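Okay, structure first, notes after.
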Amino acid sequence: MEQISKYFNAEKYESLLFVLVGIFAILFAAYFLVKVKIPFYTGMAYPLIAVAIIQIVVGTSVYFRSPKDILRVNNIVEREKSKINAEEIPRMEVIMKNFVIYRWIEIILLLAGIIMFFYFEPNVLWKGVGLGLAIQASFMLLLDFFAESRGKTYLEFLEQLG
């Protein structure tokens with residue numbers, strides 16, 4: 001079904017963006033750690049790397065899982081409609097609840113990063129940590145906003161089927 005493919009392919013392509021941003025964040029962080037060696041940039045490197053590892057792991061997982069999800073859900077819709085209400089809708093409801101948790105974590109990290117950035121003196125390691133954290137939290141918040149929006153549309157589609 002087109003809605004199913006559309007949803008999971010969008011997830012797949014966004015996950016590829018996660019991986020690419022994670023790779024670039026690690027490259028920037030490595031440059032800061034190896035070449036620049038100024039405390040501010042060293043501090044910035046730490047959250048860039050930490051969140052980049054999460055981005056790469058999650059992005060890779062979603063990227064390779066999405067084609068299987070298309071087949072799995074198409075099979076449910078075509079052959080086992082009762083599993084829509086029993087499996088796929090509850091799975092998506094959990095995902096949608098998790099987005100709320102992720103949003104709050106990302107907002108807290110963004111605020112912590114902004115506070116650290118403005119609280120500490122220039123060229124201090126912790127000021128860099130704050131900026132790196134704010135950058136990564138902002139990016140994650142933005143991408144999760146789009147993922148949550150797609151998830152809501154997909155869940156509504158499933159509820160119409162179920």
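Any read-out appearing in this document is the output of simple, stated calculations on the displayed coordinates, not a laboratory observation. No experiment lies behind these values; they were computed from the predicted model shown. Cβ placement follows ideal geometry from the backbone for every residue including glycine, while neighbour counts extend to all protein chains displayed.
Some notes on this structure:
- Lys, Arg +1 and Asp, Glu -1 on Cβ, resulting dipole of region 71-162 about Cα centre, debye, nearest 20: 100 debye
- From largest to smallest, the equivalent ellipsoid semi-axes obtained for region 25-96 from the alpha-carbon gyration tensor read 43, 12, 5 Å.
- Net length gained if the chain between R150 and I115 were fully extended (0.36 nm per residue, minus Cα distance): 9.5 nm
- Here each label is just a point 7 Å from Cα along the line to Cβ, and for L71 and V124 those points are 5.5 nm apart.
- In the chain, helical runs assigned H by DSSP with n ≥ 4 each contribute -39500 (n - 2.57); averaged across all residues and rounded to the nearest 500, the mean residue ellipticity at 222 nm is -31500 deg cm²/dmol.
- Under 25 Å from K152, Cα to Cα: lysines that are on another chain or at least 8 residues apart: K6, K12, K68, K81, K83, K97
- Normalised by residue number, the volume inside the convex hull of the Cα atoms of the chain is 83 Å³ per residue.
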